[in-house]
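Okay, so here's the structure we're looking at.
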Number of protein chains: 4
Amino acid sequence: ELGGFEEDINKVKPEYLKSFVFERKLMPSTWIVVRIDGRHFHGFSEVHEFEKPNDGQALNLMNSCAVAVIEEFQDVVFSYGVSDEFSFVLKKDSQFHERHASGIVSVIVSFFSSKYVMNWKDFFPQKELKKPPSFDGRAVCYPSTEILRDYLAWRQVDCHINNQYNTCFWMLVKSGKSKSEAQDYLQGTRAQEKNELLALQFGIDYQTLPVMFRQGSSVFWDKEDPTKIYNDEREGKCRKKVVVEHCNIIQQSFWKAHPSILDEKY
Amino acid sequence: ELGGFEEDINKVKPEYLKSFVFERKLMPSTWIVVRIDGRHFHGFSEVHEFEKPNDGQALNLMNSCAVAVIEEFQDVVFSYGVSDEFSFVLKKDSQFHERHASGIVSVIVSFFSSKYVMNWKDFFPQKELKKPPSFDGRAVCYPSTEILRDYLAWRQVDCHINNQYNTCFWMLVKSGKSKSEAQDYLQGTRAQEKNELLALQFGIDYQTLPVMFRQGSSVFWDKEDPTKIYNDEREGKCRKKVVVEHCNIIQQSFWKAHPSILDEKY
Amino acid sequence: ELGGFEEDINKVKPEYLKSFVFERKLMPSTWIVVRIDGRHFHGFSEVHEFEKPNDGQALNLMNSCAVAVIEEFQDVVFSYGVSDEFSFVLKKDSQFHERHASGIVSVIVSFFSSKYVMNWKDFFPQKELKKPPSFDGRAVCYPSTEILRDYLAWRQVDCHINNQYNTCFWMLVKSGKSKSEAQDYLQGTRAQEKNELLALQFGIDYQTLPVMFRQGSSVFWDKEDPTKIYNDEREGKCRKKVVVEHCNIIQQSFWKAHPSILDEKY
Amino acid sequence: ELGGFEEDINKVKPEYLKSFVFERKLMPSTWIVVRIDGRHFHGFSEVHEFEKPNDGQALNLMNSCAVAVIEEFQDVVFSYGVSDEFSFVLKKDSQFHERHASGIVSVIVSFFSSKYVMNWKDFFPQKELKKPPSFDGRAVCYPSTEILRDYLAWRQVDCHINNQYNTCFWMLVKSGKSKSEAQDYLQGTRAQEKNELLALQFGIDYQTLPVMFRQGSSVFWDKEDPTKIYNDEREGKCRKKVVVEHCNIIQQSFWKAHPSILDEKY
């Protein structure tokens, strides 16, 4: 057998086989956003009986994985998550995996997935994980800070629109409508009408729903807030802390209060 | 707050932001190989005290994840693994994720990672998983079956070369040499000399080492072997079974015995 | 001024600026087809009063440029042209411009364009060239000879369909119909009906039209035909000749008669 | 024959064949630079006996082609040329050829090449064009105006360095040294030393050499200078004019004097 191998060794031409590798290299000096989305999470959430329209624990589990990503990969400077999706922003001049798209995306999505399984029991101590969670991912580059902020604003606007819709939809379903009746009912309604539906029919003031459901989760190193910097006695040095916040990232005020996040000089 | 949102909603231009997405589409009618490699697995194996040069249980855990990948993704027709790497071959005309490289790679690497954590306790019931395992991945296309088989042969030749080296290296280390002494000792030795070293100094006949260590693991649906096809009584139909084999995939004989694996018509 | 320059020289970082270059490398061991198409050739043909539906001299001029391309670039093994388009096939393992798409496409399209202007007077001695001709180009890879031949067959089928339509259209226009009347008249007619129209209304037997109009032009080194190999007395050696033929390249017979063209071993 | 065709028509699957086309799309909102370089221009300049180190007429011919490119392609906002290379800058949000790299590059390089042949006799009335000129081209994106200006500065610094070297080299050759002796002589000399060589040995004050040789050529619509805007009496409207200037584009002053060139709002 080994004899066979020895003959074969010389026939194999690694350089030729490597020549088929084509690495897509992301443009230098642009913000890299790695966005991951749950695969078949509709079924995943049913199997695990997630609460509708939002399962707070499932979202907290997602957030805990995002915190781990930010702690592990120092080039990730900001992250925004909603539902089963998370966007990770890498700093403009990151050289992570030599800016090869496949390397960057695969390592982040792989690490996130592992963490999701490892952290499961912390958030669902009573529930068994029945199916392996999986996420697809991709990298997109944005050439300016302005466009990057537009991207993040888009995700937060989407969070709002989807949450408002889903809140109405599930209230209707819980009140006895079938899913398709609920869908028909909401077809073409405006934001204002949806709020009125919630207020009048179900006595729900949309603004009082948990802010995490309404605004999603921003995860980042809080370098500005001194209360978030603690002394790590083991290592004898000051350390910053990754925070999870639920705040408006569309408006200028958030970014003015946290100038270091997208500071190109850091 | 919502008011702010409502104003902002109209400023966001999803189509513009989507226009930055650039999907690399893999060439049609070519074999796609997704190869994943453990990230920082040197450290990972030390933290978890894997046996050297090979930890049979760690390899079996890898193989169990590959079985799950093949069962989950029907376009994966063959898979070959060694150490902390696995190569998954997708059929030539697969339309999985519309042949977008990011989607294909991220979903497979994510699913594999989740399974690795979920299956850990089955293979290491006494050991706690201390760190999240992660893998990088990438897709490479090969335009002909001949070149694909050359790729697989290359991986198996690498398995052989690395295993022979590592077996010698760790025997020397276990016999008292430092790691750098062992390295120097092996520098420039040939296959023949390494076998003699094992035989004469350590009384080891290389050919008697476990075949999984020497030949890696091939994972695939065994459609040819009728004993691998069983009646699934629950679903009332014949089902094939994914098998893990340790055999020479360089030589023609394996592929002749399993014509359906790379049959382009399946 | 120079002083200013000297200061500036050190500020420029060529490596950084070169890092923005992203070369798309074409997959090894695949057939490369560079296809060029006339840009704004509708207007170009009107300005230069080309005959309709086909201008024999304009086609011969295109062919003369294709001959020059084949003589200049040894990796181009076959070329097929019709109307204002030409497809150039590069051999499977060509290393021309390191298989960088931009280099391959730009050099061929540039050379072809220069030749078009240089050869103009040979084909239109009475006509002044009033506008610069320009062509767009792109490279496409095909992983097997079978698919490459399907591509070439597609172009020849297109030649046939377009020529039949255009012949009818211009006969109708020359007989007094307006262009939009002619268009309406032909809307939805089948091949058979178009042939009958030509035969009955205009007394034209389609099969007797010049073969170049009906089958396009194939340009290649004729290595099989000994009459196409001549002694170059100046250089004292046997030389092959590039030929322009108008023949069916869909059927097997052409490729059987010219086995060397797509022979991967040449 | 037609019969054969009719059968074949149905076998051809255009959609399948088109699926192999992979268009590289350039990132939105980035400056696109198309750079073209003469192919084998060393030989081309020898065959046509261009003057050394610079042939004023050959440079003027290149410039005339760049003027034509700018007049033809309205998205090209600036162009800089030196020796046998030219860089064309397309505005940030250009949608030319849907930002497909192949289309953009091929059309510009093709048009430039045609113009080069057409304009030849205007610049070399006594010389026959003996060989078809050809250029390779490629597109590179720069995400900010600052980096784009660094790119242009780099090209002008290169112009200066090469011209100074070439001036020394050809003076040495013309004074009787062989080419390799001249090369050895200049090996490792600094800018200062080269200027001294020219001054002391050949009585040449580098600063008095033609500014086109020293600074290259910038080609652009001069929208700021009212003397460059003329009334086109035929069309009855004001028209701007493309100008060719030889000036320092590294320093801020040029761009301050011509704010419209890189103005993203135009």
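The values are calculated or read from the model by the stated rules, or taken from the named source; none is laboratory data. Just so we're clear, the structure is a prediction, and the values are computed from it rather than from any experiment. When we count neighbours, we look across all protein chains shown, and the Cβ atoms used for this are built from the backbone with ideal geometry, even at glycine.
Pick from segment C:107-121 the residues that are in contact (Cβ under 8 Å) with a residue 12 or more places away in the chain and within 17 Å of C:VAL47 (Cα to Cα): which of them is surrounded by the fewest Cβ atoms within 10 Å (Cβ to Cβ)?
C:TRP120
What are the residues in segment A:99-150 that are assigned to a helix (DSSP H, G or I) and aliphatic (A, V, I, L, M), if any?
If we filter segment A:99-150 for residues that are assigned to a helix (DSSP H, G or I), which is where we start, we get A:99, A:101-123, A:145-150.
A:ALA101, A:ILE104, A:VAL105, A:VAL107, A:ILE108, A:VAL109, A:VAL117, A:MET118, A:ILE147, A:LEU148, listed by residue number.
Can you run down the residue pairs with Cβ atoms below 7 Å, 6 or more apart or on separate chains, where the first is in segment A:243-256 and without any contact (Cβ under 8 Å) to a residue 40 or more places away in the chain and the partner is in a strand (DSSP E or B)?
Cβ pairs passing all conditions: A:VAL243/A:PHE220; A:GLU245/A:SER218; A:HIS246/A:SER217; A:CYS247/A:SER218.
Give C:PHE112, C:PHE135 a once-over and let me know the one that is at the interface with chain D (Cβ under 8 Å from one of its Cβ atoms) and closer than 30 Å to C:LYS174 by Cα.
Answer to the check: C:PHE135.
Restricting to helices (runs of 4 or more DSSP H) lying wholly in segment D:152-248: which have 1 or more residues that are modelled with pLDDT of 95 or more, out of contact with any Ser or Thr (no Cβ under 9 Å at 6 or more places or on another chain) and within 14 Å of another protein chain (Cβ to nearest Cβ)?
Filter on segment D:152-248 gives D:211-215.
Under the condition of being among the acidic types (Asp, Glu) and more than 30 Å from the chain's Cα centre (by Cα), which residue from segment A:175-219 is nearest to A:SER64 (Cα to Cα)? Walk me through how you get there before you give the answer.
Residues of segment A:175-219 that are among the acidic types (Asp, Glu), as a first pass: A:181, A:184, A:193, A:196, A:205.
Checking which are more than 30 Å from the chain's Cα centre (by Cα) leaves us with A:181, A:184, A:196.
Values: A:GLU181: 36, A:ASP184: 36, A:GLU196: 34 Å.
Filtering first and then ranking leaves A:GLU196.
The rows are residues; the columns are (1) small (Gly, Ala, Ser); (2) at the interface with chain D (Cβ under 8 Å from one of its Cβ atoms); (3) surrounded by fewer than 24 Cβ atoms within 10 Å (Cβ to Cβ).
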| residue | (1), (2), (3) |
| --- | --- |
| C:GLY103 | yes, yes, yes |
| C:PHE123 | no, no, yes |
| C:GLU128 | no, no, yes |
| C:ALA139 | yes, yes, no |
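Restricting to segment D:141-151, count the residues that are basic (Lys, Arg) and either within 11 Å of chain A (Cβ to nearest Cβ) or over 16 Å from A:SER29 (Cβ atoms) (or both).
Number of matching residues: 0.
Determine, yes or no, whether B:SER29 is on the phi > 0 side of the Ramachandran plot, modelled with pLDDT of 95 or more and not β-branched (Val, Ile, Thr).
yes
C:SER87 - would you say it is under 26 Å from D:TRP120 (Cβ atoms), touching a residue at least 12 places away in the same chain (Cβ under 8 Å), buried (at least 19 other Cβ atoms within 10 Å of the Cβ) and more than 14 Å from chain B (Cβ to nearest Cβ)?
Answer is no for this residue.
Working only within segment B:38-54, note down all residues that are buried (at least 17 other Cβ atoms within 10 Å of the Cβ) and not small (Gly, Ala, Ser).
Result: B:ARG39, B:PHE41, B:PHE44, B:HIS48, B:PHE50, B:PRO53, B:ASN54.
Restricting segment C:19-33 to residues that are touching a residue at least 24 places away in the same chain (Cβ under 8 Å) and within 7 Å of another protein chain (Cβ to nearest Cβ), which is surrounded by the most Cβ atoms within 10 Å (Cβ to Cβ)? Don't jump to the end; show me each part of the working.
Initially, segment C:19-33 is screened for residues touching a residue at least 24 places away in the same chain (Cβ under 8 Å), giving C:23-33.
This time we only want the ones that are within 7 Å of another protein chain (Cβ to nearest Cβ), so: C:24-25, C:27-30.
Numbers: C:ARG24: 18, C:LYS25: 16, C:MET27: 21, C:PRO28: 19, C:SER29: 17, C:THR30: 26.
Here the residue is C:THR30.
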